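Read the figures in this text as sums done on the coordinates, not as results from a lab. Note that the structure is a prediction, hence the values are computed from the model and not measured. Note that we place each Cβ from the backbone using ideal geometry, even for glycine, and neighbour counts take in every protein chain shown.
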Amino acid sequence: MADRNNNGLYFIVGGIVVIVALLFFFMSGSETGTATTDPVAGGDTNISVETPAADPATGTPPVSVETDTPPAVEPAPEPAAPAPAN
């Protein structure tokens, strides 16, 4: 029977063994897919995107484009007369 002082050590070593076994299981799997074309020979890839031909909905507000630059702010005007003293 195991000594009472080594129970924590056996628990840790057992956990490490389980983790290593799981890593081996997941990393030793077979290839999940095969290429249908030879990547070295290359091939023609044609991508086409079709936009909808529908007209925009009526009554919708126009789209505004916002930029990252802050809006120009004019400095505050100088007061016409100095403030009265107390």
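Once you put a point 7 Å from the Cα of Thr45 and another 7 Å from the Cα of Asn86, both along the Cβ direction, what distance in nm separates them?
For the pair Thr45/Asn86, the computed spacing is 7.4 nm.
Tell me the label-point distance for the pair Ala53, Val20, using the 7 Å Cα-to-Cβ offset, in nm and rounded to one decimal.
Taking the simple label geometry, Ala53 and Val20 are separated by 6.6 nm.
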